[in-house]
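The structure appears right after this line, and notes come after that.
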Amino acid sequence: MEKKMGFFQKLKQGLTKTGGGLLSSIFGASDEKVNEEFYEELEEAMIIADMGMLTVEKIIDTLRERISEERIKDRISAKEVLIKILADMMRPDTDFVKNNEKAVLLIVGVNGVGKTTSIGKLATYYKSNGMAPVMAAADTFRAAAAEQLTVWATRADVPIIKHAEGADPAAVVFDAAASFKAKSKDILLCDTAGRLHNKKNLMNELEKICRVISRELPDVRTEVLLVIDATTGQNALMQAKAFKEAANLTGIILTKLDGTAKGGVAVAVKEELQIPVRFVGVGEGIDDLLEFDPDAFARALLGKEKNE
Ligand SMILES: Nc1nc2c(ncn2[C@@H]2O[C@H](COP(=O)(O)OP(=O)(O)OP(=O)(O)O)[C@@H](O)[C@H]2O)c(=O)[nH]1
Ligand SMILES: [Mg+2]
């Protein structure tokens with residue numbers, strides 16, 4: 001319960017920081033009517049909040065239908081319906097790594113989105129759930145990438161497998177998989193490079209890493225999580241499209257929600273690309289990672305607390 005409140009508070013703080021609650025201003029007092037002007041304002045606000053044109057059209061259509069079916073006349077009631085629609089759209093269709101289930105989490109994404117930081121947070125999260133994580137420093141491309149991950153490994157107090165700069169990332173993953181087996185670890189967290197020269201390079205490297213994982217750990221569940229930065233809006237959606245073509249993405253980590261009112265990309269990635277958000281980043285600290293909660297997230301997008 002306390003965690004849920006924390007989720008909501010942190011999220012709402014971020015989401016309302018820049019826009020004063022992008023969607024909340026539209027709903028106003030209880031006696032305000034649902035009319036064409038309301039739909040227009042709402043459509044515009046959802047596009048500004050990065051939900052993407054296609055998704056916004058679908059949301060508006062669904063909302064119109066429900067409002068007509070339920071004979072809703074006021075904006076306050078319309079808001080409740082909208083929260084439900086958004087939450088259902090973001091809700092994952094599949095389960096995620098269960099507690100006590102072994103897994104490999106391959107963390108991918110363009111540079112600067114928060115991959116390495118998220119791995120530090122994930123290690124802490126899994127450790128606090130009683131799991132034994134190990135990190136693989138498979139970003140061998142950027143100078144000092146392994147050192148940066150080592151700092152997080154020390155903070156989280158988990159082991160790390162690393163090679164020299166410029167080494168083959170797949171070889172790092174190979175060694176990390178060996179250690180995972182030998183030391184009976186639960187969660188293998190693989191950092192990857194964010195700046196490869198082109199899509200073909202990226203695709204080749206990710207394929208090679210995935211081959212090593214499936215060969216060395218054939219019975220271990222593997223999740224490929226794309227990290228996207230919520231402050232980059234529509235750009236984040238483009239990145240998700242590109243990475244979906246390059247790798248078998250299974251989920252999203254949406255970072256930097258503490259610095260934007262535009263969390264709508266969480267709706268767009270699920271609706272347009274069928275990739276569910278699994279975690280959200282709400283700060284630079286080791287505890288600033290939260291399990292994604294579609295209902296709380298939808299409420300936060302609309303600036304509404306459960307008992308408000
Ligand atoms: N405010 C905020 N900052 C974040 C969050 N996640 C990461 N950052 C910051 O974003 C910056 C980049 O984070 P990194 O983890 O180095 O990103 P990366 O994707 O590993 O970057 P490369 O390795 O260069 O590709 C750092 O300054 C982090 O502190 C977040 O949820 N909120
Ligand atoms: Mg990094």
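Throughout, read-outs are computed from the coordinates displayed, never taken from laboratory work. Model, not experiment: these values are computed from the prediction. Cβ placement follows ideal geometry from the backbone for every residue including glycine, while neighbour counts extend to all protein chains displayed.
Among 90-96, 125-131, 260-266, the peptide with the highest mean count of other Cβ atoms within 10 Å heads the list, and the full ranking is 260-266, 125-131, 90-96. Does the range 84-160 come out rounded, prolate or oblate by the C-alpha gyration tensor, with a ≥ b ≥ c the root eigenvalues, rounded set by a/c under 1.5 and, if not, prolate when a/b is larger than b/c and oblate if not? Oblate.
Computed over the chain, the percent of Cα pairs more than 24 Å apart is 52.
For a paramagnetic label modelled on A144 (point 7 Å from Cα along Cα→Cβ), amide N atoms under 20 Å away belong, within the range 193-231, to 193-196. Note on E291 and D31: the extension gain reaches 90.0 nm, defined as 0.36 nm multiplied by sequence separation minus the Cα-Cα distance.
Does anyone have the angle between helix 169-182 and the longest principal axis of the chain? Alpha-carbon axes, 0 to 90°, nearest 10? Result, in degrees: 80.
Other residues lying with their Cβ under 13 Å from the Cβ of F96 contribute a combined charge of -2, Lys and Arg counting +1, Asp and Glu -1. Comparing G52, V97, I275 along the charge dipole axis of the chain, the residue lying farthest to the positive side is V97, per the Cβ-charge model.
Rounded to the nearest 10 degrees, the angle from helix 75-90 to the longest Cα principal axis of the chain is 20 degrees.
Quick one: putting +1 on the C-beta of Lys and Arg, -1 on the C-beta of Asp and Glu, what dipole do you get for the range 103-291 around its Cα centre, in Debye to the nearest 20?
280
Using C-alpha pairs below 8 Å separated by at least 6 residues, the relative contact order for the chain is 28 percent. Full extension of the chain segment joining D95 with N111 gains 2.9 nm, where the gain is 0.36 nm per residue of separation less the Cα-Cα distance.
Taking 0.36 nm per residue of sequence separation and removing the Cα-Cα distance, the K84/A182 pair yields an extension gain of 30.7 nm. Once backbone amide H atoms are built at 1.01 Å from N, T255 has I228, D229, A230, G281 as its partners under 5 Å, excluding neighbours fewer than 5 places away on the same chain. With a simple spin-label model that places each label point 7 Å from the Cα along the Cα-to-Cβ direction, the separation between M203 and I47 comes to 3.3 nm. For the chain, the longest principal axis of the C-alpha atoms and the axis of helix 234-246 are separated by about 40°.
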